[in-house]
1. Return the sequence-ordered ³J(HN,Hα) values of the range 37-46 in whole Hz as given by the Karplus equation 6.51 cos²θ - 1.76 cosθ + 1.60 applied to θ = phi - 60°, using x for Gly and Pro.
2. Collect residues whose amide H, placed 1.01 Å from N in the peptide plane, falls under 5 Å from the amide H of residue 12; neighbours closer than 5 in sequence don't count.
3. Multiply the residue gap between residue 69 and residue 56 by 0.36 nm, knock off their C-alpha separation, and tell me the result in nm, one decimal place.
4. Determine, from the Cβ-Cβ distance of residue 36 and residue 7 and an R0 of 30 Å, the FRET efficiency 1/(1 + (r/R0)^6), rounded to the nearest 0.05.
5. If you take Kirkwood radius over Cα pairs in Å from the coordinates, which of (1) 13.6; (2) 12.2; (3) 12.7 do you get?
6. Out of 41, 49, 19, any idea which swings most in a Gaussian network model of the chain, alpha carbons joined below 10 Å?
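Each value in this text was obtained by applying a stated rule to the coordinates, not by laboratory testing. Everything numeric in this text was worked out from a predicted model, so none of it was measured. Note that we place each Cβ from the backbone using ideal geometry, even for glycine, and neighbour counts take in every protein chain shown.
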Amino acid sequence: MKIYQYRSPIGRFLIKPQANSRWGLWFKDDLLGSYHSAMAAADDVYMQATGDYNWDSLDGVDIPTDISEWEVVAR
């Protein structure tokens, strides 16, 4: 399975598969949530609804609108 990466101005997000057939959203070394799809996790990053205050309140950032804009770092 793929692992996706987005290098934001304040740190790296990763979307990685989990053992339970879900996708984990990681920011720095913290697991922010578990999702039914990689796209759902990427959408929370885009909408700045991750639960990480620093990211969610950041203004003026060019954020990928779709998982296809994230870098694939492993297959």
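1. For the range 37-46, the Karplus-derived couplings read 8, 5, 4, 5, 5, 4, 5, 5, 5, 4 Hz, x marking Gly and Pro.
2. 28
3. Values: separation 13, 0.36 × 13 = 4.68 nm, distance 1.93 nm.
My answer for the length gained is 2.8 nm.
4. Numbers: r = 25 Å, r/R0 = 0.82.
For residue 36 and residue 7, the calculated efficiency is 0.75.
5. Looking at Kirkwood radius over Cα pairs in Å for this model, the match is (2).
6. Per the Cα network of the chain with a 10 Å cutoff, 19 tops the list.
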